[in-house]
Every structure is written in structure tokens, then in C-alpha cells.
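Bear in mind that the values in this text are calculations on the coordinates, not laboratory data. From a predicted model like this one, the values you see are computed outputs, not experimental measurements. Methodologically, a virtual Cβ is constructed for each residue, glycine included, from the backbone with ideal geometry; neighbour enumeration extends over all protein chains shown.
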Amino acid sequence: MPFEIVRNDITQMTVDAIVNTANPKPIVGSGTDTMIHKKAGPELLAARQKIGSIDVGCAAITPAFDLQAKYVIHTVGPVWDGGNYNEEALLRNCYDNSLKLAMEHRCKSIAFPLISTGNYVFPKDKALQIAISAFSTFLLEHEMQIYLVVFDRTSFTLSEKLFQSVASYIDEHYVDDCEIAAYGAAPENRRRIRRRRDWELEERMVIEECAPCYSMPMASSKAMSLEDMLKQADAGFTETLLKLIDDSGKKDSEIYKKALLSKQHFSKIRNNPNYKPTKPTAIALALALELDLDATKDLIGRAGYALTNSSKFDLIIRYFIEQGNYNVVEINIALYEFDQALLGS
């Protein structure tokens, strides 16, 4: 997918460009800067010294030498000083200028750390929102694989308010193990029972949402033939999706980019009337179209999926739809925080 969160050492990334949180002076700084220079070898410092000083918010590019990348993009993040010195705008410039350089050098993939959140103590939740905004805006206009590389789940965080809101919504709606315990299930059987319950819920919801499919008028007292039933079947996922896109007045590219799908992936969907998307792909497209909850259920139901209260993934999707927030990049951050599958390709 065009945007992914990766738990890794950024020096191990195999991409066209790795973004380095550089010291403004042509010296090796601390943290990520030290790691990248150590892995790239002494030639990187020599190349960095030829550039000279870099202003805060600006970026410069060098070869990557011994790294598994073509280029290193050096950007100087702001030191957090209470937010009164234009720190947020300067941090946004780091992302925008790095992406611009990557485009100019025809990079197809780029790996970012969460800039300025280490020794420069930029608040992680604010830094993450700035990164989300920069990536979302860029991906609407361009095609590039963007990785946000973190060491672990504590390397960044949603705003406390958003995290608590999502967590509260899950707690309020989630059908958890208490229901299973009420049936007296042994611990080793709980997963099997939960899986069976999920299947039953999905089947029931799909039947309810597609009620017309199951209450077709009969031509006579005799049962309708399979051939006649198939002729009266509702439109499938692809047909419905393409009609929704046409009705929205938006271009295909607007939709698949907002959904974090590649052009190639969307072409497969468009050209195959019987295409069966994965559930994350189907939901990503519904979000890109900014469908309400009922319309989302209808669209994904045509691919055989449903939204249930027994899935944290589903509840997080429902939460954002009900909040009117259709930013797939931000939703993926929330899904990552709650250890769920990400949306997109």
C-alpha cells in the first residue's frame, strides 16, 4: 500500500530514499543520525560536509553509500520549545521538502522516522498528526510508497483524547470474552466459540442488509429456479463501486489514492466485474467515497463482509465513520495502535 507503518531499524530499510534527522551543521549528530552514518560508512559524512549547513525545515540529498537505499535525504527538524517558535510549521516543512526531493530524484519509495521526537523532544502526538497531514496531502497528488519506521509501539502515539475516545467506544460496544464465559466455555474453546459467533453475526447481518435478495417474488407457487434467481441477483461489489464513483463526480485516481491503493490494484478491480477484494480494501474504498455507515455496510456486504461488534477492527472503522473522519492514513495509525490490520492494498 502507499503508506505503511513498519517496526524496524530504519537503516535496514530497502527503499529508494531514507530520511535522516540531521544536525544543522555538517557533523554526525545523535540518535538516528548516528545510526545512519554508522551503517552508510564514512563516505556519507564526506558528502554531507560538501553540502554545508542546513537550515531548520530544509532538506538536502546525498547518495546512501552502504545503506540498502539509493539516497539519504537529510532534514533538520525543529527543537520543541513550547510551540511558540513556529515549530509545527517547521516540522511540516521537513516532510514536505523531503518528499519534494524524493520526487525530483524519481524515488518510488521513502522511509521516514518520526522527525524531532527524540532528542528534540517534539511531542509525539503533535509530530504524528503533522506527519499524517503531510503524507495524506502528498499521496492525493503523487504515487510513492511511504514508510513510517518506528522501533516499537511506544515510538509514537495518537493524541490522548483520540486514543481514549476510540478505546471508550470499543469498551462500550465490544462483545468480549464475558459473553463466552457466560456459556461456561473452557479457555481452550473460547477462540473457537468466538470465531463461530463472528461467522453467525456476519451471516445474519449480510442477510439483513441484503434482504431483497432473500425475498424475491416467485413467478408461481413452484420454487424459483437457480437460473432465475441468479438473473435477479443484486449488483456485485465492482459494479456498485463504479456506480458510486460515477455518482460522486470524482475521478478514479482521487478514490484509489484516498483509499491508499495502487493504480495497478484499482485497475484489477475496475476490469473484473467479479473481483473479490479483501475486507480492508473494500472498507478503504468505502472510506475514500466518504460513505455513511449504512452505505458502507451495503458496499462491503456485496463483497461478503459485514461490520460486527465482535471485532475491534470493525468497531474502529465504525467509530471513525460516525465521527465523519475518513482520513485513511489517520485511521491506519489508530488501527496500528490497537494492533489491527491496516487498510489499503
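For Lys250, which lysines qualify as cross-link partners when the Cα separation must be under 22 Å and same-chain residues fewer than eight apart are set aside?
Of all the lysines, those that pass the test against Lys250 - Cα under 22 Å, at least 8 places apart if same chain - are Lys258, Lys263, Lys268, Lys297.
Determine, for Phe313, Phe112, Phe138, Phe338, the number of other Cβ atoms within 10 Å of each Cβ, and report the residues in order from fewest to most.
Placing the least packed residue first, the sequence is Phe338, Phe313, Phe138, Phe112.
How large is the dipole of the stretch 3-157 about the Cα centre if only Lys and Arg carry +1 and Asp and Glu carry -1, each at its Cβ, rounded to the nearest 20 debye?
280
Quick check on the exposure proxy: order Cys94, Cys58 from fewest to most C-beta atoms within 10 angstrom.
Ordered by Cβ neighbours within 10 Å, fewest first: Cys58, Cys94.
Can you count the Lys pairs in the stretch 3-157 whose Cα atoms are under 15 Å apart, with each pair 8 or more apart or on different chains?
Eligible lysine pairs with Cα atoms under 15 Å apart amount to 4.
Does the stretch 3-157 come out rounded, prolate or oblate by the C-alpha gyration tensor, with a ≥ b ≥ c the root eigenvalues, rounded set by a/c under 1.5 and, if not, prolate when a/b is larger than b/c and oblate if not?
rounded
With the Cα gyration tensor of the stretch 16-55 giving a ≥ b ≥ c as the square roots of its eigenvalues, does the rule (a/c under 1.5 for rounded; else a/b larger than b/c for prolate; else oblate) give rounded, prolate or oblate?
Verdict is rounded for the stretch 16-55.
Quick one: Tyr305, Tyr85, fewest Cβ neighbours within 10 Å first, how do they rank?
With the sparsest Cβ surroundings first, the list reads Tyr85, Tyr305.
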